[in-house]
Amino acid sequence: MSVSGKGGFPFYAPGNRVRRMRVLGVNAVFHDPAVALVVDGAVVAAAEEERFTRRKHGKVCVPFSTWELPEESASWALRFGGVAPSELDAIAYSYDPELAPPDGAELHENEYEALRTYFVRRAPGFMAAALPGLDRSKVRFVPHHVAHAASAYLAGPYRDCAVMVMDGRGEQTSYLAGVVRGGELEVLHRVAIPDSLGLRYEELTMHVGFKRSSDEYKVMALASYGKPRWLAEIREAMHADGAGGFVARPIDLARFVPPRREGEEFSDGHADLAASVQAALQETILELARGLYEETKMRALVLAGGVALNVVANSYVAEKGPFEHVWVQPAAGDAGTALGAAMYVARAMGDDVRPMGSAALGRGWSDAEIEAALDGANVYYTRPRDIAEAVADVIAQDGIVAWFQGRSEFGPRALGHRSLLANPRYADTLRRLNDVKGREQFRPVAPMTLLEKAPEIFNGPFPSPYMLFVHTVKPGWEEKLRAVIHVDGTARVQTVDRREERLVARMLDAVERKTGVPVVVNTSLNTAGRPMVDSPRDALECFGSAPVDALAIGPFLLKRETFARGSSSVSAVA
Ligand SMILES: [Fe+2]
């Protein structure tokens, strides 16, 4: 792809040669290590390390792992952007050791906190070792929550907006709220740990038997099955403080229901507890949003931080809150701080940074490269005249299709580039998909539809290109969409803009022609506990190990019944 320096403010090096400004953003401190490359204000690449190393979330979130860097994704991003490590103008690291807790400070009883700061301070040296030629003096530390905020106000579509960052923790805070005018951030509020909305939700996640910093979205789904019968008690420990911040202290969850051990069944109590904390969280965020609106009178609110992946809370704020627009960074978790840090530093160095436009910022393969991978695996495949039409045929026959097209998505959601697709009409599709993915049966899958069709089928907010809101289904459509309607009657819609996603749009058109329904089920292309598929090899491994009916990879189609025949040949299907 072209990364030539159009737009922005060219930087004139000695000799009046126009130089491109190149900034590499790095998230490495807690979890979800990731990189982003910004060249002349444009986001050229962004990717999570897990997609390369195939280790979910990249690393364990402990102080000992802070030295680990997203080396593979960084090498790829630089290669892709045509930038040598020595040519980087800055490396933006999304944590500022100057703001870290002082040595010896107790931070939620973590006696190794000092180790984290120790490794962060040495990150420039680690970076130079990992990427030979990189000048360690060019590393800039960006406060963690400023990086999250920039991933929303610089990567998003609004230059004037209010911004809220909510996560587990940054250096010593768990929340930032501010106002952005002309792309310039003014911080209005911060909340210091131990008060933390993210940490409380993580503790709930552990309490109901899931993995913290990983499975919070499962708890949100579980909450839909419960009643918030302990809301009053939870509210005492978690509420907005009326002054722009909140109280969110540790809660003795065992007093409501005993912790669920691995392998144990869920009780109604677990679902009710999840529902109670979810309700208190939503109330708190809505109050914060209302207060921020009164202070700023901005029309748009942008969100980032891991808590902004809570689509139910996002919808609550969008629906009940005072803002006309709510935009959420799709990589709202820590991976997104790589992007935010890079954009923040690029802007500080004089670049006119531009919104991200699309989440398809990861790796992509040419048709020839895909074909070589298929031939190398000695599998049988065809090259249909139109892959969109061929996939629609499989979906119309109630098949499940692994869909591998274009560049992979940055952030945790599959958005039509690394997706599993299916027919939403049959409720059994959900069971089959959850079986394919080896995951709990209470987990919902999501519908994908064209932007222009969405308002006739679902209630807003639209557009919803990143699946960060929930929607209700309009009367008359329930029967046709049984697989994608969650127990609480909602669906997490992805809207597809046909101008931006022409192949996906063609597939949706073909599905509508064949089934009468302009919707497909879309869930991420991976199996249980594995990161999303990224490369053709990952796609083949996934297809080879999961009962998926077809794999549409670039223009090529593999079918389950002919997959293992051992002959490699291409035939154009007329
Ligand atoms: Fe964070």
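Residue-level check: of (1) farther than 23 Å from Trp327 by Cβ; (2) charged (D, E, K, R); (3) touching a residue at least 12 places away in the same chain (Cβ under 8 Å); (4) touching a helix residue (DSSP H, G or I) at 6+ places or on another chain (Cβ under 9 Å), Asp195 misses just (4). Quick check: anything in the range 351-369 in contact with a Phe, Trp or Tyr (Cβ under 8 Å, 6 or more places away or on another chain), within 23 Å of Phe543 (Cβ to Cβ) and aromatic (Phe, Trp, Tyr)? Taking every residue of the range 351-369 in turn, none turns out to be in contact with a Phe, Trp or Tyr (Cβ under 8 Å, 6 or more places away or on another chain), within 23 Å of Phe543 (Cβ to Cβ) and aromatic (Phe, Trp, Tyr).
For the range 513-565, filtered to residues that are surrounded by fewer than 18 Cβ atoms within 10 Å (Cβ to Cβ) and acidic (Asp, Glu), the residue that is farthest from the chain's Cα centre (by Cα) is Glu561. When every residue of the range 220-243 is checked against the conditions, none turns out to be without any contact (Cβ under 8 Å) to a residue 24 or more places away in the chain, outside any loop (DSSP other than H, G, I, E, B) and within 16 Å of the ligand (Cβ to nearest atom). Note on the range 54-69: residues that are in contact (Cβ under 8 Å) with a residue 40 or more places away in the chain and either surrounded by fewer than 22 Cβ atoms within 10 Å (Cβ to Cβ) or of a type in the set (Phe, Trp, Tyr) (or both) amount to 10. Of the residues screened, Glu456 is not one that is part of a loop (DSSP other than H, G, I, E, B) and either farther than 28 Å from Ala47 by Cβ or modelled with pLDDT of 95 or more (or both). Tell me whether the range 112-120 contains one or more residues that are within 23 Å of Ala331 (Cβ to Cβ) and either among the basic types (Lys, Arg) or touching a strand residue (DSSP E or B) at 6+ places or on another chain (Cβ under 6 Å) (or both). Looking for residues that are within 23 Å of Ala331 (Cβ to Cβ) and either among the basic types (Lys, Arg) or touching a strand residue (DSSP E or B) at 6+ places or on another chain (Cβ under 6 Å) (or both), one finds at least one in the range 112-120, hence yes.
When each of Ala335, Ala346 is tested for being buried (at least 24 other Cβ atoms within 10 Å of the Cβ) and within 16 Å of the ligand (Cβ to nearest atom), the lone residue that passes is Ala335. Candidates in the range 158-171 are the residues that are modelled with pLDDT of 95 or more and away from the ligand (no atom under 12 Å from the Cβ); of these, the one that is surrounded by the fewest Cβ atoms within 10 Å (Cβ to Cβ) is Asp160. If you go through the range 166-189 and keep only what is closer than 22 Å to Arg116 by Cα and either out of contact with any Phe, Trp or Tyr (no Cβ under 6 Å at 6 or more places or on another chain) or of a type in the set (Val, Ile, Thr) (or both), you end up with Asp167, Gly168, Arg169, Gly170, Glu171, Gln172, Thr173, Ser174, Tyr175, Leu176.
Selection within the range 247-306: residues that are within 16 Å of the ligand (Cβ to nearest atom) and not in a helix (DSSP H, G or I). The member of this set that is surrounded by the most Cβ atoms within 10 Å (Cβ to Cβ) is Ala304. For the range 202-219, the set of residues classified as in contact (Cβ under 8 Å) with a residue 60 or more places away in the chain and within 21 Å of Thr490 (Cα to Cα) consists of Glu216, Tyr217, Lys218, listed by residue number. Of note, Phe210 satisfies the criterion of being more than 16 Å from the ligand (Cβ to nearest atom), more than 20 Å from His144 (Cα to Cα) and surrounded by 16 or more Cβ atoms within 10 Å (Cβ to Cβ). Figure legend. Inter-residue proximity from the range 121-145: first residues within 14 Å of Ala90 (Cα to Cα), second residues within 16 Å of the ligand (Cβ to nearest atom) and in a loop (DSSP other than H, G, I, E, B), beta-carbon distance below 6 Å, spacing 6+ or different chains. Indicated pairs: Phe141/Asp96; Val142/Ser94.
Residues that are among the polar types (S, T, N, Q) and buried (at least 20 other Cβ atoms within 10 Å of the Cβ) were ranked within the range 400-452; the one that is farthest from Val548 (Cα to Cα) is Thr449.
Candidates are the residues of the range 17-48 that are away from the ligand (no atom under 16 Å from the Cβ) and outside any strand (DSSP E or B); the one that is surrounded by the fewest Cβ atoms within 10 Å (Cβ to Cβ) is Arg17. Among the numbered conditions (1) at pLDDT below 90; (2) under 14 Å from Asn522 (Cα atoms); (3) not in a helix (DSSP H, G or I), the only one that Arg482 does not meet is (3).
Which of the residues that make up the range 465-484 are β-branched (Val, Ile, Thr), out of contact with any Leu (no Cβ under 9 Å at 6 or more places or on another chain) and either closer than 22 Å to Gly306 by Cβ or surrounded by 21 or more Cβ atoms within 10 Å (Cβ to Cβ) (or both)? Result: Val470, single match. Given the criteria away from the ligand (no atom under 16 Å from the Cβ), in a helix (DSSP H, G or I), in contact (Cβ under 8 Å) with a residue 40 or more places away in the chain and in contact with a Pro (Cβ under 6 Å, 6 or more places away or on another chain), does Ala359 qualify? Considered against the rule, which asks whether it is away from the ligand (no atom under 16 Å from the Cβ), in a helix (DSSP H, G or I), in contact (Cβ under 8 Å) with a residue 40 or more places away in the chain and in contact with a Pro (Cβ under 6 Å, 6 or more places away or on another chain), Ala359 comes out as no.
Condition first: modelled with pLDDT of 95 or more and among the hydroxyl-bearing types (Ser, Thr, Tyr). Can you find one or more residues in the range 214-223 that meet it? No, that holds for no residue. What about Arg506, is it in a loop (DSSP other than H, G, I, E, B) and either in contact with a Phe, Trp or Tyr (Cβ under 7 Å, 6 or more places away or on another chain) or among the charged types (D, E, K, R) (or both)? When the stated conditions are applied, Arg506 does not pass them. Please go through the range 135-154 and give me each residue that is touching a strand residue (DSSP E or B) at 6+ places or on another chain (Cβ under 7 Å) and more than 15 Å from the ligand (Cβ to nearest atom), ordered by number. Answer for the range 135-154, where residues must be touching a strand residue (DSSP E or B) at 6+ places or on another chain (Cβ under 7 Å) and more than 15 Å from the ligand (Cβ to nearest atom): Lys138, Val139, Arg140, Tyr153. Exactly one residue out of Ala128, Ala92 is over 24 Å from Leu286 (Cβ atoms), within 16 Å of the ligand (Cβ to nearest atom), touching a Lys or Arg at 6+ places or on another chain (Cβ under 7 Å) and not in a loop (DSSP other than H, G, I, E, B), and it is Ala92. Remark: pairs (first residue in the range 436-457, more than 16 Å from Glu512 (Cβ to Cβ) and touching a residue at least 60 places away in the same chain (Cβ under 8 Å); second residue assigned to a helix (DSSP H, G or I) and of a type in the set (Gly, Ala, Ser); Cβ separation under 8 Å; 6+ apart in sequence or on different chains) = Phe442/Ala221; Arg443/Ala221; Pro444/Ala221; Val445/Ala483.
The values are calculated or read from the model by the stated rules, or taken from the named source; none is laboratory data. Note that this is a predicted model, so its numbers are computed, not measured. We place every Cβ from the backbone using ideal geometry, glycine too, and count neighbours over all the protein chains shown.
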